[in-house]
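*Asks:* Quick one: this structure, given as structure tokens, is what I'll be asking you about.
Read-outs throughout are calculated quantities, based only on the coordinates presented, and are distinct from any laboratory measurement. Since the structure is predicted, the reported quantities are computational estimates derived from the model, not experimental observations. So basically every Cβ, Gly included, is an ideal-geometry build from the backbone, and we count neighbours across all protein chains shown.
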Amino acid sequence: MLFSDLGTSVPRSEVLPPESGGRKSKLRRAWLPVLAMAPFFIYTGVGLGVPIVYIIRNAFLTFQGKFTFSNMDLLVHGIYLKGFENSLLLSVITSIIPGILGVFLAYAIVTSNSGVLKRMVATASAVLANFGGINLTFIFIAAFGETTGIITVWLNHIGLNPWSHGFDLYNFYGVAFVYLYFQLPLMVLVITPALGGLRQSWREAAQNMGASNWRYWRHVGIPVLMPSILGGILLLFGSSFAAYATAQTLTEGTVTLAPIQIGDTVSGNAIAGEANVGFAIALGMLIVLSITMVFYGLARRRASKWLR
Amino acid sequence: MAQVAESYYFENPEVNPQLPQRRRRRRKKFRLWRLVVLVVALAYFLAPLYAGVKFALQNDLGKFSFWAFTSLPSEQGFSGAFFLSMRLAFFTAAVELILMVPTAIFVHIRVPKLRPIMDFVTILPIVVPPIVLIVGVLGSAPLWLKSSPYLLSIFYVVLAMPFVYRSLDAGLSAIDLKTLVEASRSLGGSWIRTLWSVIMPNLRAALLSATALTLALVFGEYTMANLDGWTTMPVWIAQFQQSDAHVTLAASMALLIGTWLLLSLIVAADRSQSRRSRRKAGTP
């Protein structure tokens, strides 16, 4: 969705109005782009650069301002390592499962030949994919809460109370269950164009050569789609890994996840002497997300080879 | 366009009777699994929404009532939170547009070489999630700025940038900017006039969706506002949960419906824009 225009930038010829070539206007022509672009680059540079540099610097400083590796050391041991591992695990679960389900759902919609359905799903996906945050927490509590949840009550009526079968909305898997709600539409959104790019003629060519349906998917469909699917899963991974509000409000901070631990250090709940560990976790998250996005960019470039 | 219609005719067995029967039968077989997938998905996505609406339309005794919605405006702290979010949203949208619209137009007209760089720079905020950004912001912002809620707005501008720039970039690519500018300039229009009465009206859809995205982002943002200690709408909703669950749900649903409307507006705007660019592509 977001990278949709990357790599397709068509250079336009410059539109320069004819101007008399005096020294003043030459000077103006040389400096105008610099002046016009300056606000944007300064704003972005300060708005992103200053916080990031501050995070990197403080990840290697004690609270008193001395250079140290102890913050990074905390990050790779004990509770903070656990939080980081949990975050990675949660992101893997909530990217692969909705990633695969999303392909099937998108395929069901793309091949349905119903324009109305396609349009409705496009709108719904765009809305639901942006649907993280606290609202999601509260509607899930209303639906699946332990005693008053409306769906829980229904299921209880037919003797299938999920809570008495090991379901818990407020633990790690509960968070994963809720994340599915915005991850699945996100996958549908990013994979639909790729599915639309599968040409009917490829299928026909495979059939003419005697390929079964299975062989078509095994040797044509899936290999062509693979970069798009992997790209989608990477995007979902990043989106899960960065999420904070839903997990925080749903579990009230009881699940050990890296973003929640950062939040705790900001609100002053960190153990004395470990105040700067938040910067180390933030740096770790920045590194993981940067790597994810680099691979996402590569997957997209590979995907555009066959599709479009 | 003609090609699309042609392939639609030839490849769609429901329209073209000459296609082999085997294909038709396969489509029939597919229909069952498609139905199952769609019904399960529909149930999963509608169930929590239904529960949310139903819960919001109950009073404390569990009876149907609009009470939670009608009492919402008078709940303690609601109006303060609402107007704070409102102020932040307008300030953010104003700064965002003043910063990004001239920049995007300038890049398209004068320095198209910079477009790949712009694509790269504007995607960077994606790598920096709010929870990471706020740690750096709270540490590095000067004290006078930290005491103002507009500190949040300054960084919401950065968070919204990937969406806003992409929407403006798509809008600018869809119109024939070069011809428009040359026509206006050769008719004696000043740059300001060209910008205001020629380019801007053609960018209406893009501007609309950029604004809607920004407003939706500000009204839904919990992480940074909460950790910066400002009670915006989402923060208020989360805090009020301890007082009354029905009112919380009502506020949540109201926020959600508002966001839903805003985002549907974007989809509609996108569609009118793509229709226009398709028309443009059709006429050589």
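*Asks:* A:F67 versus B:L46, label points 7 Å from Cα toward the beta carbon: distance in nm?
*Replies:* 6.3 nm
*Asks:* What shape does segment B:137-259 have by the C-alpha gyration tensor, where a ≥ b ≥ c are the square roots of the eigenvalues, rounded means a/c under 1.5, and otherwise prolate means a/b greater than b/c and oblate the rest? It would help to have the intermediate numbers written out before the result.
*Replies:* Details: a/c = 3.82, a/b = 2.06, b/c = 1.85.
Because a/c hits 1.5 or more and a/b exceeds b/c, segment B:137-259 counts as prolate.
*Asks:* Using a/c under 1.5 as the rounded threshold, could you call chain A rounded, prolate or oblate? The axes a ≥ b ≥ c are square roots of the C-alpha gyration tensor eigenvalues, and prolate needs a/b larger than b/c, oblate otherwise.
*Replies:* Details: a/c = 2.00, a/b = 1.04, b/c = 1.93.
Verdict is oblate for chain A.
*Asks:* Same structure, new question: Hey, what did chain A get for relative contact order, percent, Cα under 8 Å, at least 6 apart?
*Replies:* On the way: 300 pairs, mean separation 85.0, N = 308.
This gives 28 percent for chain A.
*Asks:* Sticking with this one: Okay, helix-only estimate at 222 nm for chain A: each DSSP H run of n ≥ 4 adds -39500 (n - 2.57), divide by all residues, round to 500 deg cm²/dmol; what do you get?
*Replies:* Numbers: 14 runs with 210 residues, N = 308.
For chain A, the value works out to -22500 deg cm²/dmol.
*Asks:* Quick check on the exposure proxy: order B:I126, A:I262, B:I154, B:I117 from fewest to most C-beta atoms within 10 angstrom.
*Replies:* Values: B:I126 21, A:I262 28, B:I154 18, B:I117 14.
Sorted ascending by nearby Cβ count, the order is B:I117, B:I154, B:I126, A:I262.
*Asks:* Fewest to most neighbouring Cβ within 10 Å: what's the order for B:S153, A:S114, A:S87?
*Replies:* Numbers: B:S153 20, A:S114 11, A:S87 26.
Fewest-to-most Cβ neighbours within 10 Å comes out as A:S114, B:S153, A:S87.
*Asks:* Let me ask another. With a 10 Å cut-off between alpha carbons and a GNM built on chain A, which of A:W202, A:W217, A:W31 moves the most?
*Replies:* Fluctuation is largest for A:W31.
*Asks:* Take the alpha-carbon centre of segment A:205-270, take the same for segment A:57-127, and report the distance between them in whole Å.
*Replies:* 6 Å
*Asks:* Can I ask one more? Where in chain A lies the longest segment free of GluC sites (Glu not before Pro) that are both loop residues by DSSP (not H, G, I, E, B) and have at most 13 other Cβ atoms within 10 Å? Please report the intermediate quantities before stating the final value.
*Replies:* On the way: sites that count: A:E14, A:E19, A:E252.
Longest site-free region, per DSSP loop and neighbour criteria: A:20-251.
*Asks:* Just to be sure I understand the model, the point goes 7 Å from the Cα along the line to the Cβ. What's the resulting A:S267 to A:S304 distance in nm?
*Replies:* 4.3 nm
*Asks:* Could you please report the charge total around B:P130, scoring K, R as +1 and D, E as -1 over all other residues with beta-carbon less than 11 angstrom from its beta-carbon? Spell out each step's value before the answer.
*Replies:* Details: positive: none; negative: B:E221, B:D228.
Residues close to B:P130 contribute a combined charge of -2.
*Asks:* Can you compute the FRET efficiency between A:A30 and A:W217 using 1/(1 + (r/R0)^6), with r the Cβ-Cβ distance and R0 = 51 Å? Round to the nearest 0.05. Don't skip to the answer; put the middle values down first.
*Replies:* Numbers: r = 57 Å, r/R0 = 1.12.
Working from the Cβ atoms, E equals 0.35.
*Asks:* Please find, in a Gaussian network model of chain A (springs between Cα atoms separated by less than 10 Å), the residue of A:V127, A:V92, A:V224 whose mean-square fluctuation is greatest.
*Replies:* Result: A:V127 has the largest fluctuation of those listed.
*Asks:* Long-range amide H contacts for A:L61: which residues qualify at under 5 Å (H placed 1.01 Å from N, peptide plane, sequence gap of 5 or more or a different chain)?
*Replies:* The answer is A:T68.
*Asks:* Still on this structure, I have one more. Could you check which residue among A:S201, A:S91, A:S240 shows the biggest mean-square fluctuation in a GNM of chain A with a 10 Å Cα cutoff?
*Replies:* Result for chain A, Cα springs under 10 Å: A:S201 fluctuates most.
*Asks:* Among rounded, prolate and oblate, which fits segment B:68-282 when a ≥ b ≥ c are the square roots of the eigenvalues of its C-alpha gyration tensor, a/c under 1.5 means rounded, and a/b larger than b/c means prolate? Can you show the working numbers first?
*Replies:* Details: a/c = 2.53, a/b = 1.77, b/c = 1.43.
Because a/c hits 1.5 or more and a/b exceeds b/c, segment B:68-282 counts as prolate.
*Asks:* Sticking with this one: Please compute, for peptide A:113-120, the average count of beta-carbon atoms on other protein chains lying within 10 Å of each residue's beta-carbon.
*Replies:* Working: counts 6, 0, 0, 0, 2, 0, 2, 0.
Mean inter-chain Cβ contacts per residue within 10 Å come to 1.
*Asks:* Right, something else. Using the Karplus curve 6.51 cos²θ - 1.76 cosθ + 1.60 with θ = phi - 60°, what ³J(HN,Hα) values do you get for each residue of segment A:54-65, in whole Hz, with x for Gly and Pro?
*Replies:* 4, 5, 4, 4, 6, 5, 10, 10, 6, 4, 7, x
*Asks:* Summarise the partner chain shielding of A:28-37 as one whole number: the mean count of Cβ atoms from other chains within 10 Å of each residue's Cβ.
*Replies:* On the way: counts 0, 1, 0, 0, 3, 6, 1, 1, 8, 9.
The per-residue average across the peptide is 3.
*Asks:* For segment B:68-282, what relative contact order do you get, as a whole percent, if you take Cα pairs closer than 8 Å and at least 6 residues apart? Intermediate results must be reported in sequence, preceding the final value.
*Replies:* Details: 188 pairs, mean separation 67.0, N = 215.
Relative CO of segment B:68-282 lands at 31 percent.
*Asks:* Now a separate question. Run through segment A:56-99 and list the chymotrypsin sites (Phe, Trp or Tyr not before Pro) located in a DSSP loop whose Cβ has at most 11 other Cβ atoms within 10 Å.
*Replies:* Working: sites: A:F60, A:F63, A:F67, A:F69, A:Y80, A:F84; in loops: A:F60, A:F63, A:F69.
Filter output for segment A:56-99: A:F69.
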